[in-house]
Amino acid sequence: MTSTDVRKRPARCHAPGLPALPVALNVEPMTGPIRALLSPVRGSAGALAITRARLLDYKPGNRGLIRYDIAPADGGTGWAVFGKIYAEPIQAARVHQIMGTLWADIFAGEPDLGVPQPLGCILDPPMLLYLPAIGRFLDARTPSEQTIRYVSLAGRWLATLHQRQLPLDRQLRLAAELVTLHAWVAAIGRTYSDQAGAAIQLFRYLQERAELLRLELRAPIHKDFHYGHLILDGRLNVIDFDEMRLGDPNFDLAHFCANLYLLVYRRRRTFSSYQRLARAFLGSYAGHTGWAPDERFVYFFVYTCLKIAWQLCAGYGPHPRPRGEEQRRQVQFILAQGLAALAQGSDAATPAPWSSCAVSGGRQ
């Protein structure tokens with residue numbers, strides 16, 4: 001999957017749903033389009049050469065991420081361009097429009113917050129090109145005081161997004177989400193039959209409460225906001241806008257908290273470590289918006305626990321992606337956090353998840 005020559009692994013490059021992937025990994029046909037899009041921001045782009053194309057990530061039949069290493073003709077310092085390839089041109093155009101608005105409008109005047117700089121789209125292959133944000137991810141080993149600062153910035157980043165208007169063509173629809181959730185539950189049960197009961201219990205709650213929740217569906221939400229999409233370099237840059245749509249802000253907040261607790265578990269830290277991070281994140285967001293938790297937060301936290309459990313079973317989600325017994329433990333752990341949220345609900349004084357189990361030592 002990270003071959004620099006499509007001839008080395010042709011079966012993987014001819015991926016179902018992404019027939020243009022071999023073209024995108026071939027530097028010769030890609031040089032001209034990349035030069036054209038780089039010229040406005042690099043000036044001398046006409047003389048550049050692409051030295052390597054490398055597939056960084058791939059979601060079967062959906063999208064892939066390619067890194068192009070660029071070398072200037074004068075022998076100076078090179079740089080990288082990222083290309084996100086999609087199954088259809090309209091998908092690339094949609095994400096480019098979103099990134100353009102975020103870059104040029106919503107976060108243009110924010111010294112501590114941002115997004116990668118979009119360059120433009122090409123139609124063949126269907127691809128969005130952008131300059132990557134440089135830095136490390138939140139899950140890298142970071143001193144605790146810096147981690148607190150960055151999760152606080154993450155809360156402010158979301159507050160800035162949620163309070164602005166974006167012309168988005170999609171909206172969160174719980175009926176469609178429940179269809180997906182049902183498939184996730186089935187997949188969890190097939191992978192770990194002993195966890196089927198917990199997954200079904202969480203799904204039944206989500207199904208029963210769906211029509212009773214009074215959701216806010218006018219805010220732009222990221223819909224995949226987690227620690228693996230935060231890049232740190234003094235400032236905070238957020239990536240991956242494929243799922244953005246109008247929806248309830250609690251979705252992003254709960255999604256981040258559930259994934260954050262998974263990160264704390266993977267690092268073998270204590271529940272109090274999670275509490276400090278969650279309070280910094282939610283407190284920062286609340287300070288800029290006046291937000292307070294209610295059942296919507298619980299609902300989407302439970303939703304995210306099911307999503308994470310499915311991702312673990314399917315080999316998706318934030319890295320590292322565990323296998324074997326560690327995979328089973330993490331599935332069991334995250335489902336237990338969803339059940340703990342149901343047991344105490346939105347009256348809890350502690351941000352979700354509400355289980356006070358030790359993350360280090362005794363695994364659930």
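Figure note: E211, E295 ranked by solvent-accessible area, largest first, 1.4 Å probe, ligands and nucleic acids not counted: E211, E295. Using 0.36 nm per residue and subtracting the Cα-Cα separation, the extra length available between R170 and L213 on full extension is 13.5 nm.
Applied to region 49-60, the Karplus parametrisation 6.51 cos²θ - 1.76 cosθ + 1.60 on θ = phi - 60° returns per-residue 3J(HN,Hα) values of 9, 8, 8, 7, 10, 10, 7, 8, 7, 8, 10, x Hz, with x for Gly and Pro.
Could you check how much of the accessible area of the chain is carbon and sulfur, as a whole percent, using a 1.4 Å probe?
Accessible surface attributable to carbon and sulfur in the chain totals 51 percent.
Give me the 1.4 Å probe accessible area per residue for region 210-336, excluding ligands and nucleic acids, in Å².
About 33 Å² of surface per residue is accessible.
Mind giving me the FRET efficiency for T51 and L131? R0 is 22 Å, r the Cβ-Cβ distance, nearest 0.05 is fine. Spell out each step's value before the answer.
Values: r = 17 Å, r/R0 = 0.76.
Working from the Cβ atoms, E equals 0.85.
Among the trypsin sites (Lys or Arg not before Pro) in region 138-201, those located in a DSSP loop and surrounded by at most 16 other Cβ atoms within 10 Å of their own Cβ are R141, R164, R170, R173.
Ranked by the mean number of other Cβ atoms within 10 Å of their residues, highest first, the peptides 22-34, 240-252 come out as 240-252, 22-34.
In this rough spin-label picture, where each label sits 7 Å from Cα along the Cβ direction, the I90-S272 distance is 5.4 nm.
Considering only lysines 8 or more places apart in sequence, or on different chains, count the pairs in the chain whose C-alpha atoms sit under 18 Å apart. Counting lysine pairs in the chain gives 4.
Take every Cα pair under 8 Å whose residues are at least 6 apart in sequence, average their separation, divide by the length of the chain, and the relative contact order is 13 percent. Scattering from region 217-327 was approximated by placing one identical point on each alpha carbon and applying the Debye formula without solvent; log10 I(q)/I(0) at 0.10, 0.19 1/Å stands at -0.30, -1.14.
Gyration tensor analysis over the Cα atoms of the chain returns equivalent ellipsoid semi-axes of 36, 23, 20 Å (largest first, whole Å).
Once you order the gyration tensor axes a ≥ b ≥ c over the Cα atoms, which shape class does region 70-161 get: rounded for a/c under 1.5, otherwise prolate or oblate by comparing a/b with b/c? Write out the running numbers ahead of the final one.
Details: a/c = 2.11, a/b = 1.38, b/c = 1.53.
Oblate shape, in that a/c is at least 1.5 and b/c is the bigger or equal ratio.
Separation of region 282-350 and region 18-90 by C-alpha centroid, Å? A separation of 36 Å, based on Cα centres. Extension gain, R321 to K59: 0.36 nm times the residue separation minus the Cα-Cα distance gives 92.9 nm.
The values are calculated or read from the model by the stated rules, or taken from the named source; none is laboratory data. Computed from a predicted model, the values in this text were never measured in an experiment. Heads up, the Cβs are rebuilt from the backbone with ideal geometry, glycines too, and the neighbour counts pull from every protein chain shown. Ligands, DNA and RNA are excluded from the accessible area calculation, which covers all protein heavy atoms including side chains. Shrake-Rupley method; radii C 1.70, N 1.55, O 1.52, S 1.80 Å.
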